[in-house]
Amino acid sequence: MGIVATLLPDDRCLQRVVHAVHGQHVVIPCGTWEDVFAACEDEAVHLAVLDLFADGKANFERVRQLKLRFARVTLVAYVAFVPNRARDLFDAGRAGIDGLLIVDQDDSPLQLRNVIEQAEARGVAGLIRNRLLHDRSFGLRQMVKKEYSWPHLYATRIRPLLDTKT
């Protein structure tokens, strides 16, 4: 069971998240950004579902701080879409948001679970990629940077090993 922190002023959205992850995750409702930071500090939070506009306007500095302090936490934005927020939603990806849920569009239990799972996969992939990039092993670092393509790697290193075993 994982722990999910939420910053969702709309109780209907909170209940949808609770229902979607019931039995798989424990949900910690947070009323402020400070509560989210405290939950991540005190608990093994691995996912945060946030209304970026909880304070009235998008708060990307808080998102960046959350990502910097708690890199393990996957961030999902759960927002109501209105046209004047389109640029903010674009900026959310650059600020570190791993997934996006739109109120009354993406929030059936199945869609919620799918978006959360995809965001978790992206978050884990990012952590693994960062760890590999900082690994001291030159060959591994080069593969991750894609300086060696998989076909090149297969042809030059794996295939010769297979040929010698036959």
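Worth a mention:
- Relative packing of peptides 55-68, 92-105 - highest average C-beta neighbours within 10 Å first: 92-105, 55-68
- Relative contact order for region 25-121: 25 percent, from Cα pairs under 8 Å spaced at least 6 residues apart, divided by residue count.
- The Cβ shell under 14 Å around Gly2 holds other residues with a net charge of -1, Lys and Arg each +1, Asp and Glu each -1.
- In this rough spin-label picture, where each label sits 7 Å from Cα along the Cβ direction, the Glu61-Val103 distance is 2.5 nm.
- Amide H contacts of Leu50: Leu7, Val76, Ala77, Tyr78, each under 5 Å away and 5 or more positions distant or on a separate chain (H built 1.01 Å from N in the peptide plane; Pro and chain starts excluded).
Read the figures in this text as sums done on the coordinates, not as results from a lab. Computed from a predicted structure; not experimentally measured. With ideal geometry, Cβ positions are generated from the backbone for all residues, glycine too; neighbour counts draw on all protein chains shown.
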